[in-house]
Structures are given as C-alpha cells and as structure tokens.
Amino acid sequence: MAQPNASRAIAELETGMKTALLERSPRGSEPTALGLLLAVQARELLDAGQRFNDWSRSSRSNETLELRVGASMTIAETLLPVWLTELKRRLPPVRIEVQVLNSAQVLQEVQRGILQLGFVETPNVPVQLNALVVQEDELLVVVAPNHEWANRTSRIGLQELAETPLVVREPGSGTREALQEVLAGFVTVEPMQVLASNAAVRVAVASGAGPAALSELALRSQLESGDLLRVPFEGQGISRPLTAVWSGPRRLTGVAAELVAVAAAKP
C-alpha cells in the first residue's frame with residue numbers, strides 16, 4: 001500500500017474508533033499503546049479468518065491440503081505425531097509429507113524451499129528464516145544405573161562435564177549444538193561415541209558407554225522405568241527452544257499456520 005493510502009486508511013480507522021492510534025511528529029510516527037493492542041488483536045483476527053477459510057474450503061470440496069514439513073529427531077519422535085493427529089482432526093483432508101532430519105538439515109531444506117515448514121531444536125536459526133518458539137525443552141545428563149555417577153550426592157560441574165567423554169549426537173543435531181553452547185567456555189575432550197539418533201544414544205548409555213546429555217522429552221520412558229538415571233549438575237539446567245521455521249512472508253497462513261498453532265498450544 002502506498003504511504004498516502006496507508007495514512008488515509010489509518011486516519012479513517014482512528015475516526016471510527018474515536019481515538020488516536022499513532023503519535024505523529026516531524027520525525028515520524030509511533031503507535032500509541034492502543035495502536036499496539038489493536039495490531040495484536042488484528043493479527044489474531046486475520047489468522048483466525050485464514051484458518052476459517054482453510055477449513056471452509058476443505059469442507060466444501062474434496063480438495064487435499066498438502067504440507068511438506070521437516071522435524072529434527074527429538075521433535076519427530078516425541079511431539080510431531082501428536083501435533084499431526086490434532087491437525088488431522090481439525091483439517092481432515094490434510095496430507096502431510098514428513099522428513100526426519102537433524103536441525104541443520106531441516107534449516108537447509110527450508111532455506112532451499114524443499115520444505116514449507118520445519119521444527120528444530122537448535123538455538124541458532126539463520127536470520128534469513130522466520131522463526132517462532134513453540135515450546136521449551138531441557139537437556140538432562142543421564143547415566144546407567146551402574147555408572148559411578150549414579151550414587152553421587154554432589155552435583156556435576158560444567159568443568160567436569162566438559163572433561164568427561166560423553167556419548168553425543170552427530171554434528172548438526174540441535175541436541176549437540178545446545179550442549180556445545182553450554183560448554184562453550186570450557187575445553188572439551190573427545191566424545192566417547194558419536195551417534196545419529198536419540199535411540200542409539202540411549203542404548204549406548206544404558207550399556208555403560210558413558211554419560212550423555214539428551215532431551216527430557218526423549219528420556220521420559222527410560223527415566224520412569226529406571227533404565228537411565230538423571231544426574232543433577234550445577235547451574236540452572238540446559239534449556240533450549242523448540243522452534244518452528246519457515247521462509248517467505250513473515251505471516252504464516254494455511255495448513256502451516258494451523259500446524260504451528262497446534263504445536264504452540266499448551267498441553
């Protein structure tokens with residue numbers, strides 16, 4: 001919209017609402033507090049309208065709504081199946097093509113336009129991509145029940161963690177990058193093993209290969225059964241965002257917007 005038309009439209013909106021939405025000065029314009037609130041409400045209304053249009057279109061015809069989505073390992077194993085079930089309930093004709101990759105690969109495929117939407121665990125998202133944190137996750141340090149740390153009463157320090165050969169995920173994994181970021185100020189030793197899946201890391205730790213730092217989401221069953229034990233460590237924990245990423249316009253629409261809304265909904 002051209003600037004004069006935008007100014008005219010805002011002025012008409014201010015007249016209709018009987019209040020100022022912009023504070024104007026020779027240096028430019030800034031939104032008022034009410035103007036900011038109006039923008040938030042308008043975005044929600046527009047998003048709801050888009051979701052309604054998607055639902056209405058799919059319910060009137062046999063049209064298949066399609067989405068190519070990629071997810072990093074932990075999200076694909078623990079969260080994405082639940083999200084897709086809810087999405088299918090909301091949009092029955094939807095058809096989703098899923099690729100399970102590590103975070104670096106998901107980001108690459110989204111940037112190339114191969115994937116329309118991605119979910120990653122890495123805290124490092126390229127500025128060229130749009131990003132929205134949908135949930136938070138925590139990395140836990142775990143060991144086998146017969147490991148020397150299993151009966152330890154004191155917390156593990158980050159220095160000691162850096163000096164311990166760990167079982168880790170492969171380079172490019174969000175889990176690996178989150179751990180590297182936490183230990184960035186320390187000299188780390190070579191890993192005990194480098195494995196390409198959460199399941200492989202869990203098996204290695206349970207067999208006595210050594211400690212590992214894995215997602216709390218990926219460890220719930222093993223912690224509940226006692227197959228692996230959590231080892232407390234110093235500090236506030238290793239938290240990381242679970243992030244939806246996409247390229248193109250900032251405002252996400254259609255099936256992708258609906259899936260992100262499902263992912264961000266509180267359980």
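Tabulated data
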item	result
DSSP bridge orientation in the chain - percent antiparallel, rounded to nearest 5	60
Accessible surface of the chain [probe 1.4 Å, protein heavy atoms]: carbon and sulfur percent	53
Within the chain, helix-based [θ] at 222 nm, where runs of 4 or more DSSP H residues each add -39,500 (n - 2.57), nearest 500	-13000 deg cm²/dmol
Accessible surface of Asp137 - all protein chains present, 1.4 Å probe, nearest 10 Å²	10
Gained length - Met192 relative to Leu132, 0.36 nm times residue gap less alpha-carbon distance	18.2 nm
Pairs of Cα atoms farther than 13 Å apart, segment 81-124, %	60
Chain lengthening between Arg220 and Ala199 when straightened (0.36 nm per residue, less Cα-Cα)	6.3 nm
Size of charge dipole - segment 139-267 - debye, nearest 20, with Cβ of Lys, Arg +1 and Asp, Glu -1, no other charges	460
FRET E, pair Ser239, Arg112, Förster distance 22 Å, beta-carbon r, rounded to 0.05	0.15
Segment 104-180 - Rg over Rh from alpha carbon coordinates, Kirkwood radius	1.09
Gaussian network model of the chain, Cα within-10 Å springs - most flexible of Glu163, Glu190, Glu23	Glu23
Evaluated at q = 0.21 Å⁻¹: base-10 log I(q)/I(0), Debye formula over Cα of segment 117-267	-1.31
Segment 1-154, Rg to Rh (Cα coordinates; Rh as Kirkwood inverse mean 1/r)	1.14
Förster-model FRET efficiency, 35 Å R0, Met1 and Ala33, C-beta, rounded to 0.05	0.90
Estimated Rh, segment 64-159: Kirkwood, alpha-carbon pairs, angstrom	15.9
Solvent-accessible heavy-atom area per residue, rounded to whole Å², over segment 134-267 at 1.4 Å	48
Listed residue (Pro145, Ser197, Met73) projecting farthest to the positive dipole end of the chain, Cβ model	Met73
Table column - 3J(HN,Hα) (Hz), segment 114-119, Karplus curve with 6.51, -1.76, 1.60, x for Gly and Pro	6, 10, 7, 8, x, 10
Dipole moment magnitude, nearest 20 debye, the chain about Cα centre, only Lys, Arg, Asp, Glu C-beta charged	920
Cα centre as origin, Lys/Arg/Asp/Glu Cβ charges: segment 1-123 dipole, Debye	300
Point-to-point label distance, Ala48-Arg95, nm (Cα→Cβ direction, 7 Å offset)	3.2
FRET efficiency estimate (nearest 0.05) - Cβ-Cβ, Glu12 to Ala184, R0 45 angstrom	0.30
P(r) tail fraction, the chain - alpha-carbon pairs more than 26 Å apart, %	54
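The values are calculated or read from the model by the stated rules, or taken from the named source; none is laboratory data. Given the structure is predicted, the values throughout are model-derived calculations rather than measurements. So basically every Cβ, Gly included, is an ideal-geometry build from the backbone, and we count neighbours across all protein chains shown. Ligands, DNA and RNA are excluded from the accessible area calculation, which covers all protein heavy atoms including side chains. Shrake-Rupley method; radii C 1.70, N 1.55, O 1.52, S 1.80 Å.
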